[in-house]
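Down below is the structure, laid out as structure tokens.
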């Protein structure tokens, strides 16, 4: 380096290198300190120079959690759920969307080690759109205030159940890891109940497992008041058949969503819920 110190060209190169590294640091590492306006400026700069919104090399190594700016966007859209605000902040949405998809891609890589049936799935196969279908809803707000993904065989449109990731800081559902079938159609619901009836001890063993109860407690309380058709009301386990959804969930603290432990938490939850999912998926075929 001493040889180059007296060379003006070398000094110029070193200056440009230093400035470039500082620029990379600012746009890829120092984001947590950015205001919403600063985040939008950052995204504009990256788009102008056709650079990735998030450094791919960095995320191959470090993409274990979501960025605080993603949660900030979700909090802001919950208070400004209208098209004008969304269009003004579209770049922030794109940055949040990319951040979430990159996390799901990293999670898929880890989950495929546990379930080889996830091989070949991409994040886009699992992540849901932010746009709401308001055609038959009284609530006409155009956007969701959450980011979510369903990882299962065939992706989000597949017929089986899998792990569901939901990020909604301060929202109705909060941040959660869930799994199972939510309000399945009548034929599938009947098949699930039949599977439980034929293998009641196995199902009870799964949902009473120590780790299962530690992570998920019990099934969500969406139940009929009486025994469903075809089930004897005097059945000793009649309560197992009253569910209209077979869903379990685990809440994630907001602080953990932006922690490097997030991906480990999701993988650990999936390992515990997998016997439950596998049991329910037998009813699909």
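May I ask you to list pairs of residues, at least six apart or on different chains, whose Cβ atoms are under 6 Å apart, with the first in segment 236-257 being at positive phi and the second being surrounded by 14 or more Cβ atoms within 10 Å (Cβ to Cβ)?
Sorted first by the residue in segment 236-257, then by its partner, the list stays empty.
Which numbered condition trips up residue 180, out of (1) at negative phi; (2) crowded, with 21+ Cβ neighbours inside 10 Å?
Failed condition: (1).
Tell me, which helices (runs of 4 or more DSSP H) lie completely within segment 44-126 with 3 or more residues that are more than 13 Å from the chain's Cα centre (by Cα) and either surrounded by 20 or more Cβ atoms within 10 Å (Cβ to Cβ) or at pLDDT 95 or above (or both)?
Hits in segment 44-126: 68-79, 83-88, 90-111.
Exactly one condition in (1) touching a residue at least 60 places away in the same chain (Cβ under 8 Å); (2) in a loop (DSSP other than H, G, I, E, B) is false for residue 177; which is it?
Result: residue 177 fails condition (2) only.
Go through the residues of segment 186-202 one by one and say whether even a single one is closer than 19 Å to residue 150 by Cβ, part of a loop (DSSP other than H, G, I, E, B) and out of contact with any helix residue (DSSP H, G or I) (no Cβ under 9 Å at 6 or more places or on another chain).
No; the residues of segment 186-202 include none that is closer than 19 Å to residue 150 by Cβ, part of a loop (DSSP other than H, G, I, E, B) and out of contact with any helix residue (DSSP H, G or I) (no Cβ under 9 Å at 6 or more places or on another chain).
Taking into account only those residues within segment 127-136 that are in a loop (DSSP other than H, G, I, E, B) and at pLDDT 95 or above, which is farthest from residue 77 (Cα to Cα)?
This residue is 128.
Against the condition part of a loop (DSSP other than H, G, I, E, B), at pLDDT 95 or above and in contact with a strand residue (DSSP E or B) (Cβ under 9 Å, 6 or more places away or on another chain), how does residue 277 come out, does it pass?
So residue 277 does not fit the description; no.
Identify, by number, the condition in (1) modelled with pLDDT of 95 or more; (2) under 15 Å from the mean Cα position of the chain (by Cα) that residue 187 doesn't meet.
So residue 187 meets the others, but not (2).
Could you tell me whether segment 219-233 includes any residue that is within 23 Å of residue 175 (Cα to Cα) and surrounded by 18 or more Cβ atoms within 10 Å (Cβ to Cβ)?
For segment 219-233, residues within 23 Å of residue 175 (Cα to Cα) and surrounded by 18 or more Cβ atoms within 10 Å (Cβ to Cβ): present.
Which members of segment 211-233 meet the condition of being at pLDDT below 95, over 22 Å from residue 185 (Cβ atoms) and either in a strand (DSSP E or B) or in contact with a helix residue (DSSP H, G or I) (Cβ under 8 Å, 6 or more places away or on another chain) (or both)?
Answer for segment 211-233, where residues must be at pLDDT below 95, over 22 Å from residue 185 (Cβ atoms) and either in a strand (DSSP E or B) or in contact with a helix residue (DSSP H, G or I) (Cβ under 8 Å, 6 or more places away or on another chain) (or both): just 232.
List the number of the failed condition for residue 156; all other conditions in (1) modelled with pLDDT of 95 or more; (2) touching a strand residue (DSSP E or B) at 6+ places or on another chain (Cβ under 7 Å); (3) not in a helix (DSSP H, G or I) hold.
(3)
Could you please let me know if residue 236 is part of a loop (DSSP other than H, G, I, E, B) and either at pLDDT 95 or above or in contact with a strand residue (DSSP E or B) (Cβ under 7 Å, 6 or more places away or on another chain) (or both)?
Yes, satisfied.
The values are calculated or read from the model by the stated rules, or taken from the named source; none is laboratory data. Remember, it's a predicted structure, so these values are computed and weren't measured experimentally. When we count neighbours, we look across all protein chains shown, and the Cβ atoms used for this are built from the backbone with ideal geometry, even at glycine.
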